[in-house]
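The values are calculated or read from the model by the stated rules, or taken from the named source; none is laboratory data. Quantities reported herein were computed from a predicted structural model and do not represent experimental measurements. So basically every Cβ, Gly included, is an ideal-geometry build from the backbone, and we count neighbours across all protein chains shown. Surface accessibility is based on the protein's heavy atoms, side chains included, excluding ligands, DNA and RNA. Shrake-Rupley method; radii C 1.70, N 1.55, O 1.52, S 1.80 Å.
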Amino acid sequence: MEPSHPPESLWQLKPWWCQPWSIVLTGLVIPTSSWIWLHRWWITTPATLVILVWWYLFLYLVPREYKASQADQ
């Protein structure tokens, strides 16, 4: 019996609401909605910065580390 291999892509392990498209869509909707409803740069700007950090972590760093760990195995 052959041992099962983990998926090559991290996204194959994630549910639909944690896919790149849903992360990007949510990250666009939140600051856009904030600006449309509030028109306050001092609320929208920090929200946008938090989202950019979130994107960097979950759309770049985490998948890169997952791929590197798969390559090591």
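Odds and ends about this structure:
- Solvent-accessible surface of the chain, averaged per residue with a 1.4 angstrom probe and all protein chains in place: 82 square angstrom.
- Centre separation in Å (Cα based) which lies between segment 46-65 and segment 6-23: 15
- What a 1.4 Å probe finds exposed on the chain is 70% carbon and sulfur by accessible area, rounded to a whole percent.
- Highest-MSF residue in the chain out of 55, 17, 37 [GNM, Cα springs under 10 Å]: 37
- Max mean-square fluctuation residue, GNM over the chain, Cα-Cα springs under 10 Å, options 43, 23, 51: 43
- Burial order of peptide ranges 25-36, 62-73 (average beta-carbon count within 10 Å, highest first): 25-36, 62-73
- Dipole magnitude for the chain: computed about the Cα centre from +1 point charges on Lys and Arg Cβ and -1 point charges on Asp and Glu Cβ, it is near 360 debye.
- Considering only alpha-carbon pairs that sit under 8 angstrom and 6 or more positions apart, the relative contact order computed for the chain is 36 percent.
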